[in-house]
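Engineer: Mind having a look at this structure? Questions to follow.
The values are calculated or read from the model by the stated rules, or taken from the named source; none is laboratory data. Everything numeric here is computed off the predicted structure, so don't read it as measured data. Please note: Cβ atoms are built from the backbone with ideal geometry, for glycine as well, and neighbour counts cover all protein chains shown. Note: accessible area is taken over every heavy atom of the protein model, side chains too, but ligands, DNA and RNA are not part of it. Shrake-Rupley method; radii C 1.70, N 1.55, O 1.52, S 1.80 Å.
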Amino acid sequence: MRATLRLLSGQRQPMIRFVGKRHPTHHADPTPQTHPAAPAPLPNTFASYRQTAQQHGPLNKPFHSLGTAPAPGRIGAQPASALGDVRPARGEAWDRNELPARFRRRPLTPAEIEAVESGGASVYA
Amino acid sequence: MLRTLLPRRAPARPLVTQFGAANTFGPSLGVSAGQRWRRGYASEADEKDLVIIGGGVAGYVAAIKAGQAGLKVACIEKRGSLGGTCLNVGCIPSKSLLNNSHLYHQILHDTKKRGIEVGDVQLNLQQFMKAKDQSVEGLTKGVEYLLKKNGAEYIKGAGAFADEHTVQINLNEGGERSVRGKNIFIATGSESTPFPGLTIDEKRVITSTGAIALEQVPKKMTVIGGGIIGLEMASVWSRLGSEVTVVEFLGQIGGPGMDAEIAKMTQKILAKQGLKFKLNTKVASGDVGSDAIDLKIEAAKGGKEESLDADVVLVAIGRRPYTAGLGLENVGLETDERGRLVIDHQYRTKIPHIRAIGDVTFGPMLAHKAEEEAVAAVEYVTKAYGHVNYGAIPSVMYTYPEVAWVGQNEAELKAAGVKYKVGTFPFSANSRAKTNLDTEGMVKFIADAQTDRILGIHIVGPNAGEMIAEGTLALEYGASTEDVGRTCHAHPTLAEAFKEAAMVCYDKAIHY
């Protein structure tokens, strides 16, 4: 019985394998990859980066999924589609001052006002 | 007449694309096919295929390898002798001191039981150091010859980046010179990390550099840091008669990587030799007085302060990458929070033709690792293919007995949740160790519980540093403990302990 088993299992196969002469791989991928001894491996893709990235909390999860109460008006509180159309309805127009602050006109500084009023002469005064 | 009106055009010259990087340099002097001088700058820099900043182990090996590959290469080193920290003030001189201090110690304490009666034994420290210097000089000169033999230019001076392709050199003999390279390797190595609050003078407060050149044996010595460098130097001066105390912040000696069981055994053996250990202890402050240096130490987690006085304090808390004066800001290269140059898997910095190898970048700060990287980096330049297995880099501590390991230790495997099995064999059961009266230590194999593939090998014992080569080869080729155990080892040798430890791992040892 034992002899049969031994025959069936055959000779012991060493784990060491002869790899033969090493040739340079002509199709080696030249794109930069994380160094194997680097302390924290950099993510390979942007998607995998988003899984671990932190910015005011985990980047990959919207705020309402974190168990905290979504603050109204907070960025990420609602999906963008829930915020409505980005264009005004037909026949309507949006005032520039209704837009978020970054889209509004910047207030002029006194120096700029002076420059406009003096026709630019104050710049050289 | 009409010829002068034609726009001047540089004579057609094929771009050198053999090594991946096209020649992007400005005009250089040369005679065109039409025997007309090309427009050129008056002080044009030399143009090389590869410029290496640093002539340490990484730098000189890269220079030799590149020379063998037919590249036009220059190696810049400011020390005045090649070999870097390793050959000049590191591995090599310390091995000379370790070997000779061991002989001295053995003659003093380990001859009677061997039947050798020894008379008056005296230490001649001057000659002791001279022997060390001779080994260093012989080896550094040998490296210089090898560079010459392989057509690599050796420039003595301090190199700094002028731009992405130009290295400006302040020559040691005075004057300046610039070299331009299609590829540039940064191989500037590392320096000892200073201890805050203690000023290194290399006489009384020393780093490893001062520890290999003390002019007299200190009565009392304190070593801050129980890693490899600290313990090797502690061994040397302890054997020569110094009373040495090692202060280590962590709970075990040997630094990261050393297996806890091996570290414990090593500590016991070293303590028997006279070394004193203060583990889990931190140095709070140091006061360098005219007679002695007073260190205030306390438990790492906070506790009662204690005073420790010494004639010499060795700071051996680690090493940090050395990039000072390299002009990294001129090319926009940055280092990480630990001062290491950030590279990709082909050793490229964010400027692809500038690569970094050795201690100045990621990975363990070991000369053999730097050597491997140097070869791989040159191969990436010449063949677009290189290879370093960071999972199979051996570490050796050259105390007596030596400690060596490769692969993972038990703590690392536990943390990774890998199921493993362990096989150990003591040197006290090895015939050769018995005949040598040198039986302290053991060999330990760690293998995957299911596949039997070797995951780590840890040795403390005689000749461990040589023996680990077999383990590294086994690990590199993915061997199982059975592969090692079924390989014939000569009798009587210390290597039989290695084979038997492997046998324990998959079956049983014969002699234990």
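Engineer: With free of Cβ contacts under 8 Å to residues at least 12 places away in the same chain and either open to solvent by 20 Å² or more (accessible area, probe 1.4 Å) or in a loop (DSSP other than H, G, I, E, B) (or both) as the only criterion, which of B:Lys113, B:Lys156, B:Lys95, B:Lys130 stands out?
Structural biologist: Working: B:Lys113 fails: free of Cβ contacts under 8 Å to residues at least 12 places away in the same chain; B:Lys156 fails: free of Cβ contacts under 8 Å to residues at least 12 places away in the same chain; B:Lys95 fails: free of Cβ contacts under 8 Å to residues at least 12 places away in the same chain.
Answer to the selection: B:Lys130.
Engineer: Test each condition in (1) open to solvent by 50 Å² or more (accessible area, probe 1.4 Å); (2) modelled with pLDDT under 95; (3) closer than 24 Å to B:Pro401 by Cα for B:Gly257 and report the one that comes out false.
Structural biologist: The one condition B:Gly257 does not meet is (1).
Engineer: Can you confirm whether B:Gln134 is farther than 17 Å from B:Val236 by Cβ, within 29 Å of the chain's Cα centre (by Cα) and of a type outside the set (A, V, I, L, M)?
Structural biologist: So B:Gln134 passes the test.
Engineer: Here is a follow-up. Just give me the residues in region B:355-398 being buried (at least 19 other Cβ atoms within 10 Å of the Cβ), of a type in the set (Ser, Thr, Tyr) and under 16 Å from the mean Cα position of the chain (by Cα), in sequence order.
Structural biologist: B:Thr361, B:Ser395, B:Tyr398 - these are the residues of region B:355-398 that are buried (at least 19 other Cβ atoms within 10 Å of the Cβ), of a type in the set (Ser, Thr, Tyr) and under 16 Å from the mean Cα position of the chain (by Cα).
A quick yes/no check of all residues on (1) in a loop (DSSP other than H, G, I, E, B); (2) open to solvent by 80 Å² or more (accessible area, probe 1.4 Å); (3) modelled with pLDDT of 85 or more:
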| position | (1), (2), (3) |
| --- | --- |
| A:Ala37 | yes, no, yes |
| A:Pro43 | yes, no, no |
| A:Tyr49 | no, yes, no |
| A:Asn60 | yes, no, no |
| A:Ser65 | no, no, no |
| A:Ala69 | yes, yes, no |
| A:Ile75 | yes, yes, no |
| A:Val86 | yes, yes, no |
| A:Ala89 | yes, no, yes |
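Engineer: Any idea how many residues of region A:14-28 are open to solvent by less than 80 Å² (accessible area, probe 1.4 Å) and modelled with pLDDT of 70 or more? Before you say what the answer is, go through the steps one by one.
Structural biologist: In the first step, residues of region A:14-28 are kept if they are open to solvent by less than 80 Å² (accessible area, probe 1.4 Å); the result is A:14-16, A:20, A:24-25, A:28.
The next check asks that each one be modelled with pLDDT of 70 or more; those that pass are A:14-16, A:20, A:28.
So the answer is 5.
Engineer: Condition test on B:Glu334, is it more than 14 Å from the chain's Cα centre (by Cα), in the same structural domain as B:Ala187 (by the TED database) and not aliphatic (A, V, I, L, M)?
Structural biologist: Numbers: more than 14 Å from the chain's Cα centre (by Cα): yes; in the same structural domain as B:Ala187 (by the TED database): yes; not aliphatic (A, V, I, L, M): yes.
So B:Glu334 passes the test.
Engineer: List the number of the failed condition for B:Ala416; all other conditions in (1) surrounded by 19 or more Cβ atoms within 10 Å (Cβ to Cβ); (2) aliphatic (A, V, I, L, M); (3) away from every other protein chain (no Cβ under 14 Å) hold.
Structural biologist: Among (1) surrounded by 19 or more Cβ atoms within 10 Å (Cβ to Cβ); (2) aliphatic (A, V, I, L, M); (3) away from every other protein chain (no Cβ under 14 Å), B:Ala416 violates only (1).
Engineer: What number of residues within region B:337-368 are more than 9 Å from chain A (Cβ to nearest Cβ) and polar (S, T, N, Q)?
Structural biologist: 1
Engineer: While we're looking at this one, here's another question. Picking from B:Ala447, B:Ala501, B:Ala469, which residue would you name as being out of contact with any Asp or Glu (no Cβ under 7 Å at 6 or more places or on another chain), crowded, with 24+ Cβ neighbours inside 10 Å and in contact (Cβ under 8 Å) with a residue 60 or more places away in the chain?
Structural biologist: Values: B:Ala447 fails: in contact (Cβ under 8 Å) with a residue 60 or more places away in the chain; B:Ala469 fails: crowded, with 24+ Cβ neighbours inside 10 Å.
After ruling out the rest, the residue left standing is B:Ala501.
Engineer: Same structure again: Just to verify a result, which residue in region B:271-310, among those that are in contact with a helix residue (DSSP H, G or I) (Cβ under 7 Å, 6 or more places away or on another chain) and at negative phi, is surrounded by the most Cβ atoms within 10 Å (Cβ to Cβ)? I'd like the intermediate steps shown before the answer.
Structural biologist: So in region B:271-310, the residues in contact with a helix residue (DSSP H, G or I) (Cβ under 7 Å, 6 or more places away or on another chain) come out as B:273-275, B:277.
Then keep just the ones that are at negative phi; that gives B:273, B:275, B:277.
Values: B:Gln273: 15, B:Leu275: 23, B:Phe277: 20.
Here the answer is B:Leu275.
Engineer: Kindly list the number of the only condition in (1) buried (at least 19 other Cβ atoms within 10 Å of the Cβ); (2) within 14 Å of another protein chain (Cβ to nearest Cβ) that fails for B:Gly441.
Structural biologist: Unmet for B:Gly441, out of (1) buried (at least 19 other Cβ atoms within 10 Å of the Cβ); (2) within 14 Å of another protein chain (Cβ to nearest Cβ): (2).
Engineer: Any idea which of (1) surrounded by fewer than 22 Cβ atoms within 10 Å (Cβ to Cβ); (2) part of a helix (DSSP H, G or I); (3) among the hydrophobic types (A, V, I, L, M, F, W, C) is the one B:Val61 doesn't satisfy?
Structural biologist: For B:Val61, the exception is condition (1).
Engineer: Can A:Pro107 be described as assigned to a loop (DSSP other than H, G, I, E, B), modelled with pLDDT of 75 or more and either open to solvent by 90 Å² or more (accessible area, probe 1.4 Å) or in contact with a strand residue (DSSP E or B) (Cβ under 7 Å, 6 or more places away or on another chain) (or both)?
Structural biologist: yes
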